[in-house]
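Just so you know, all these numbers are worked out from the coordinates, no wet-lab data involved. Keep in mind that this is a model prediction, so the values were computed, not measured. All Cβ positions, glycine included, derive from the backbone under ideal geometry; neighbour counts span all protein chains shown.
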Amino acid sequence: METLKKTRSISVLLTLFLAVMMAVPTLSMAAEKKVELGSTSTFAVLAGTTITNTGRTTITGSTPEGGGNVGVHPKAAFTGQSDVIMTGWTAYLSDPAGVALRAKNDLAVAYIDAAGRKPTETFTANDNQLGGKTLKSGVYAFGHANTANLTAASPLILDAEGNDEAVFIFQASSDLIMAPGSKVILKNGAKYCRIFWQVTSSATLGTNSTFVGHIFALTSIAAETGANVQGQLLARNGAVTLDHNTLHNGLCVATPTVTPSATVTPTATGKIVTTTVQGGQLPKTSTPLYDLLLLGAVLSLTGVVGWRNRKRFV
């Protein structure tokens, strides 16, 4: 009888152990938390001194997770505003209600949060080229006074590995520079709204480049001619310069799986569309379903073992 009780205890402990082991990978995938934006999330462009625009620029957004508002604080200048197409959104320049001020305060909090994350990997001055890299979820730092560069030769691919909660944080200790024609491509469920670029100095998005994510720049941001942005341009103390750009800060949805050779082009609404897509990915519910099936198999096996032991000792 005593042996039977021990066998039952071992079976229960085995089942609990396997259940915990199945849960650990799921928990670890969501280990890095996203940076909270607060009221800043409603802004596509936010500057400290001025916003300057040249030519026809389109700024769009959608709620509740993103918006196309534009704001300047503590200054209030927006040069070239008449050439900017903003559908259903507001420019907070002379800001008696303090909307832009609150957004700037929330931006400071988000900046400090992103800058304070523990790096998963640190790039040196000899390895600061993001073009051609495929990176998984994590925090990527650039060493002391080290510029984060992205050339046009090869895109930067951010691979969520099927986890649509994956977070990517980049900590540039100097500038962020995207070369003309360079691209950021999302893969396997990665979302633009979970990609954050903390820039200690200034950011430059080259001519006809395709940028994805939220830029928190301490000084200024320049989007050169034809640069396309899915995300936000947020400058704490300096200016944001626009030039025939398309910006979209919209709903947070996963992108299709793409290959490194996929072509990414902006639509008229500013959304990024991949023209080459191969394969697909299982829905988010598939992983828990497999876990349940495996757990059921373990429980069935444990029951059979227990039944045989009971029969043996009766």
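Worth pointing out:
- The string of couplings for segment 101-110 from the Karplus curve (6.51, -1.76, 1.60, θ = phi - 60°) is 4, 5, 5, 5, 5, 5, 5, 4, 5, 5 Hz, one whole number per residue in order, with x for Gly and Pro.
- Extending 7 Å from the Cα toward the beta-carbon at both residue 36 and residue 225 defines two label points whose distance is 4.4 nm.
- Theoretical gain in end-to-end length, residue 87 to residue 201 [0.36 nm per residue, Cα-Cα removed]: 37.9 nm
- Calculated log₁₀ intensity ratio I(q)/I(0) where the Debye formula runs over C-alpha points of segment 38-274, q = 0.10 Å⁻¹: -0.40
- Residue 94 paired with residue 77, simple spin-label distance in nm, labels 7 Å along Cα-to-beta-carbon: 1.7
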